[in-house]
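Chemist: Handing you this structure, nothing more for now.
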């Protein structure tokens, strides 16, 4: 009887149950932005352009009370509270809004910056961050029709930094069709770009100032600014990122490819776990919303030779609608919101606001995956059975990349099967050092770990798969 | 021997090619209703079929192939208590409890109440056939590989349902490419494939809007001998084949085009194949069929609709309030800001040029275009008597009152938009800045004096600048206005202005902004001619 639970197979909801939060009846709130306001209130924005503020969103049996804060904005894709103002990134501009007369509804709508064009194409989305440490909001601008750069809409495919003074500073370019943007714990800015032209697979990308993200369509706007120097050379269609980055030094290789169809089809918002352990063992890791698959993936990043790179792991699926954004709250819970309007999702609700709480039980997962000159070191959230770690049959590894091309997406190409020659468990089974023959620079390394067991319960990993993007190999 | 309806032709072929030791069918299952083939995918830790549907009490022969380099099994489980995502967890628990005995028992807790049928462990490169009768209870029956650690990725669902499935074993394959007519899909590698358990053709599983193709294959059931007609509407090209014979050829680049074809079919199952591609623009694939005793039954999820109008979502102000709609507004541009007043008058502001773009009365706007699907295009006003005001800049400096007005630009750089402030009735006052002169532009609806009449729009403009220009003008209208008692009218539009003399010497109706010190103020009333 005592070990009755020992053999039970865990599921995601044992660790991270999802709570659906009710929204005001009769309202269509396709959640596209979430932020926390003073008094632990929650602001949510919608694609229809409304902003609601909720109280009593937290606790075991939340019964949120919502009030309308603002209506009539243009497809809001980012909200941020600062110093009594709610900063809103909407399609034509960054606006800050405020309730001056105290009746609960915003009455001042002040344009902060609007130095980019829109031409009436629905794809010309603008996603905005919260404020960075300088008080700037980073805005990324989807290409016209996700494929073009209209003369009427300058700076499509660019990243603009909006300063507190309302200046709009071109900061990066080469963007195709973003799904969301966010910071890591160091304040660096990352965004997700969707598979398409010049983008073989969806990926999490790093907005290094001055960096080229890979799609050259918007580079024509170099004619309008010299802030980022001269226009870079055109990439060669049909090549590989690994090859082209040698020719185009500003080309930033995607830190974490989110293999299309495997990890998701439409990556969206990025949120960093800075809850100090309130959300479990994944402090400083990134959580990526995925619209099509209605799930959230987890990303571990490290810096190698000056570039961010790392691995993506499945985290939690089964959300009600297509996940667009996530936001950690003060209690360490993660609020998630989304919609499937225009792009279908596995979760069949048209829109949803949900909350993920950590139960306090630690899931048996790969915690971090770090690259070594000749392999990887994996650490685990709980001790693994050392024998299972040491058995090279516990692992299946393959590598592949994508064609870097003008055409839409790419199949997985240049596939190889690297060989794990040795698996050396660390002390206490909390880590393993894999020695690998045939790692390929520039490739995604897909590692499956069906043979690893938790030492105490002999259960397998909750998610026995990782996808590491190997842009850089350390020398030590 | 009775004819066996088969899932795929390749199954029969493989039976011939490989010399297999078949588990002989048990008593009562010598004749089966369905043959189903499921294969593992090499080094992917997955089955190739993640779901299929069968009828209650039907007899099934299941061929399980394992081309992978690891041993796998396929164990069919009865439905569990868990709603959704059930992967036969109790069976997996029982496997763990086998402990060291697990290997010898092929990781199968034989006799477990949730096990319905099992392939047994199949070594790499081998295959096994087994037979079972589907229970009478409808529901989702998961199947899993119980080799430790595999089930999380290797699982699927057998859906037991009485529902008549339009196309059985409906498989889709998605291809990417740019074509002007249907390519030979057999020469191409699919980007993605899977099964549609509801048996309805559906192209929404593609994540593209352009440049893709679909190949659908499955079987249809004909209850009688007779003539059957197949109807296809597609954008772009499509073809439908029955038992490898072309029945409808709707190939080529075209908008939504309808075609049909007929064929005589014998009672029983027939192979159906539908080919489709989309080059650019709208995409559509709709199919129905008719036969003895039935008409226009759906074969696709998307079906012909009457008209193509999207669902209307009227936007109306609350009692006593105004409402704002910022979007792509036909007549006011991509930075359009529509304002609807409870007084049944409306306006749209163009924040690309800081101009009042349109006024109209009656209903305000319809959100249906932008709030359904992806929201394509520009939405015109809903109401009546839409009056368009001049395009381009509304304010500029001129050498003289009758100098040519600047040619309209797509977006002005002369004036910057600074947002708006709402009053307690949610009515906006727009703010903008022109070279150090701040301009506030307030609109106030005026209710009609009596019912049945149309209201007016009052506009109060305030200018403030430390060093204001002496030659700033506002353009109110363009073209020949008739002047009478201080009002100016043209077609339906009637304008009056206070605070500045209206100039009519140019082709425009212009008002010079006369500053008294740092300030100037102007009031304009817009109304509709009786």
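The values are calculated or read from the model by the stated rules, or taken from the named source; none is laboratory data. No experiment lies behind these values; they were computed from the predicted model shown. Using ideal geometry, Cβ is built from the backbone for each residue, glycine included, and neighbour counts are taken over all protein chains shown.
Chemist: Check whether at least one residue in the stretch B:95-107 is surrounded by fewer than 22 Cβ atoms within 10 Å (Cβ to Cβ), touching a strand residue (DSSP E or B) at 6+ places or on another chain (Cβ under 6 Å) and assigned to a loop (DSSP other than H, G, I, E, B), and report yes or no.
Modeler: No.
Chemist: Of everything in the stretch B:469-489 that's part of a strand (DSSP E or B) and in contact (Cβ under 8 Å) with a residue 40 or more places away in the chain, which residue is nearest to residue B:519 (Cα to Cα)?
Modeler: Residues of the stretch B:469-489 that are part of a strand (DSSP E or B), as a first pass: B:472-478, B:482-484, B:487-489.
Still in the running and in contact (Cβ under 8 Å) with a residue 40 or more places away in the chain: B:472-478, B:489.
Numbers: B:472: 12, B:473: 14, B:474: 15, B:475: 19, B:476: 20, B:477: 24, B:478: 26, B:489: 29 Å.
Ranking the candidates gives B:472 first.
Chemist: Name the single residue, out of those in the stretch A:329-342 being in a loop (DSSP other than H, G, I, E, B) and more than 14 Å from every other protein chain (Cβ to nearest Cβ), that is surrounded by the most Cβ atoms within 10 Å (Cβ to Cβ).
Modeler: A:333
Chemist: Quick one: in the stretch B:230-244, of everything that is part of a strand (DSSP E or B) and modelled with pLDDT of 90 or more, which residue is nearest to the chain's Cα centre (by Cα)?
Modeler: Looking at residues that are part of a strand (DSSP E or B) and modelled with pLDDT of 90 or more, I get B:238.
Chemist: Return the residue satisfying two criteria in turn: it lies in the stretch A:343-372 and is more than 14 Å from chain B (Cβ to nearest Cβ) and part of a loop (DSSP other than H, G, I, E, B), and of such residues it is farthest from residue A:9 (Cα to Cα).
Modeler: Step by step, filter the stretch A:343-372, then rank; the result is A:357.
Chemist: Then there's this: Anything in the stretch A:97-127 that is buried (at least 24 other Cβ atoms within 10 Å of the Cβ) and within 22 Å of the chain's Cα centre (by Cα)? List them, or say none.
Modeler: A:124, A:126, A:127
Chemist: Identify all residues within the stretch B:197-229 that are at pLDDT 85 or above and within 14 Å of chain A (Cβ to nearest Cβ); write none if there are none.
Modeler: Of the residues in the stretch B:197-229, the ones at pLDDT 85 or above are B:199-203, B:211-229.
Answer for the stretch B:197-229, where residues must be at pLDDT 85 or above and within 14 Å of chain A (Cβ to nearest Cβ): B:202, B:203, B:211, B:212, B:213.
Chemist: Right, something else. Going by the conditions given, is residue B:261 in a strand (DSSP E or B), in contact with a strand residue (DSSP E or B) (Cβ under 8 Å, 6 or more places away or on another chain) and either over 21 Å from residue B:165 (Cα atoms) or assigned by TED's automatic domain parsing to the domain that holds residue B:55 (or both)? Full working, then the answer.
Modeler: Values: in a strand (DSSP E or B): yes; in contact with a strand residue (DSSP E or B) (Cβ under 8 Å, 6 or more places away or on another chain): yes; either over 21 Å from residue B:165 (Cα atoms) or assigned by TED's automatic domain parsing to the domain that holds residue B:55 (or both): yes.
So residue B:261 passes the test.
Chemist: Of the conditions (1) more than 21 Å from the chain's Cα centre (by Cα); (2) buried (at least 16 other Cβ atoms within 10 Å of the Cβ); (3) not in a strand (DSSP E or B), residue B:189 satisfies every one except a single condition; which number is it?
Modeler: Of the numbered conditions (1) more than 21 Å from the chain's Cα centre (by Cα); (2) buried (at least 16 other Cβ atoms within 10 Å of the Cβ); (3) not in a strand (DSSP E or B), the odd one out for residue B:189 is (2).
Chemist: If you scan the stretch B:146-186, which residues turn out to be under 13 Å from residue B:87 (Cβ atoms), assigned to a loop (DSSP other than H, G, I, E, B) and either touching a residue at least 24 places away in the same chain (Cβ under 8 Å) or under 28 Å from the mean Cα position of the chain (by Cα) (or both)?
Modeler: If the condition is that a residue be under 13 Å from residue B:87 (Cβ atoms), assigned to a loop (DSSP other than H, G, I, E, B) and either touching a residue at least 24 places away in the same chain (Cβ under 8 Å) or under 28 Å from the mean Cα position of the chain (by Cα) (or both), then B:146, B:150, B:151, B:152, B:153, B:154 are the ones that fit.
Chemist: Tell me yes or no: at least one residue of the stretch B:132-145 is within 11 Å of chain A (Cβ to nearest Cβ), surrounded by fewer than 21 Cβ atoms within 10 Å (Cβ to Cβ) and either at pLDDT 90 or above or in a strand (DSSP E or B) (or both).
Modeler: Start the filter on the stretch B:132-145 by keeping residues that are within 11 Å of chain A (Cβ to nearest Cβ), which leaves B:144-145.
Retained after the next criterion (residues that are surrounded by fewer than 21 Cβ atoms within 10 Å (Cβ to Cβ)): none.
Checked against the condition, which is being within 11 Å of chain A (Cβ to nearest Cβ), surrounded by fewer than 21 Cβ atoms within 10 Å (Cβ to Cβ) and either at pLDDT 90 or above or in a strand (DSSP E or B) (or both), the stretch B:132-145 yields no hits at all.
Chemist: Checking residue A:468 against (1) more than 24 Å from the chain's Cα centre (by Cα); (2) assigned to a strand (DSSP E or B); (3) more than 13 Å from chain B (Cβ to nearest Cβ), only one condition comes out false. Which one?
Modeler: (1)
Chemist: (1) assigned to a loop (DSSP other than H, G, I, E, B); (2) within 30 Å of residue B:142 (Cα to Cα): which one isn't true of residue B:216, the others all being true?
Modeler: Among (1) assigned to a loop (DSSP other than H, G, I, E, B); (2) within 30 Å of residue B:142 (Cα to Cα), residue B:216 violates only (1).
Chemist: Within the bounds of the stretch A:202-224, is there any residue that is within 14 Å of another protein chain (Cβ to nearest Cβ), closer than 26 Å to residue A:272 by Cβ and part of a loop (DSSP other than H, G, I, E, B)?
Modeler: Looking through the stretch A:202-224, at least one residue is within 14 Å of another protein chain (Cβ to nearest Cβ), closer than 26 Å to residue A:272 by Cβ and part of a loop (DSSP other than H, G, I, E, B).
Chemist: Can you spot a residue in the stretch B:331-353 that is within 15 Å of residue B:380 (Cα to Cα), in the same structural domain as residue B:394 (by TED's automatic domain parsing) and assigned to a loop (DSSP other than H, G, I, E, B)?
Modeler: Checking the stretch B:331-353: at least one residue is within 15 Å of residue B:380 (Cα to Cα), in the same structural domain as residue B:394 (by TED's automatic domain parsing) and assigned to a loop (DSSP other than H, G, I, E, B).
Chemist: Taking the stretch A:443-462 as the search range and keeping residues that are assigned to a loop (DSSP other than H, G, I, E, B) and facing chain B (nearest Cβ under 7 Å), which one is surrounded by the fewest Cβ atoms within 10 Å (Cβ to Cβ)?
Modeler: A:458
Chemist: Test residue A:313 against the stated conditions and say whether it is closer than 20 Å to residue A:466 by Cα and within 14 Å of another protein chain (Cβ to nearest Cβ).
Modeler: Yes: the conditions hold for residue A:313.
Chemist: Go through the stretch B:359-375 residue by residue and tally those that are closer than 26 Å to residue B:204 by Cα and surrounded by fewer than 17 Cβ atoms within 10 Å (Cβ to Cβ).
Modeler: 3
Chemist: Does residue B:370 satisfy the criteria of being at the interface with another protein chain (Cβ under 10 Å from one of its Cβ atoms) and in contact with a strand residue (DSSP E or B) (Cβ under 9 Å, 6 or more places away or on another chain)?
Modeler: Working: at the interface with another protein chain (Cβ under 10 Å from one of its Cβ atoms): yes; in contact with a strand residue (DSSP E or B) (Cβ under 9 Å, 6 or more places away or on another chain): yes.
The answer is yes for residue B:370.
Chemist: Please go through (1) within 14 Å of another protein chain (Cβ to nearest Cβ); (2) in contact (Cβ under 8 Å) with a residue 12 or more places away in the chain; (3) surrounded by fewer than 20 Cβ atoms within 10 Å (Cβ to Cβ) for residue A:437 and return the number of the only condition it doesn't satisfy.
Modeler: Going through the list (1) within 14 Å of another protein chain (Cβ to nearest Cβ); (2) in contact (Cβ under 8 Å) with a residue 12 or more places away in the chain; (3) surrounded by fewer than 20 Cβ atoms within 10 Å (Cβ to Cβ), residue A:437 breaks only (1).
Chemist: Moving on to the next point. Return the residues of the stretch B:227-257 that are at positive phi and touching a strand residue (DSSP E or B) at 6+ places or on another chain (Cβ under 6 Å); say none if nothing qualifies.
Modeler: B:243 - this is the single residue of the stretch B:227-257 that is at positive phi and touching a strand residue (DSSP E or B) at 6+ places or on another chain (Cβ under 6 Å).
Chemist: Tally the residues that are within 22 Å of residue B:373 (Cα to Cα) and away from every other protein chain (no Cβ under 14 Å), restricting the search to the stretch A:53-86.
Modeler: Total satisfying the criteria: 1.
Chemist: Let me ask you something else. Taking residue B:445 as meeting all but one of (1) within 22 Å of residue B:352 (Cα to Cα); (2) buried (at least 16 other Cβ atoms within 10 Å of the Cβ); (3) away from chain A (no Cβ under 14 Å), write down the number of the exception.
Modeler: (1)
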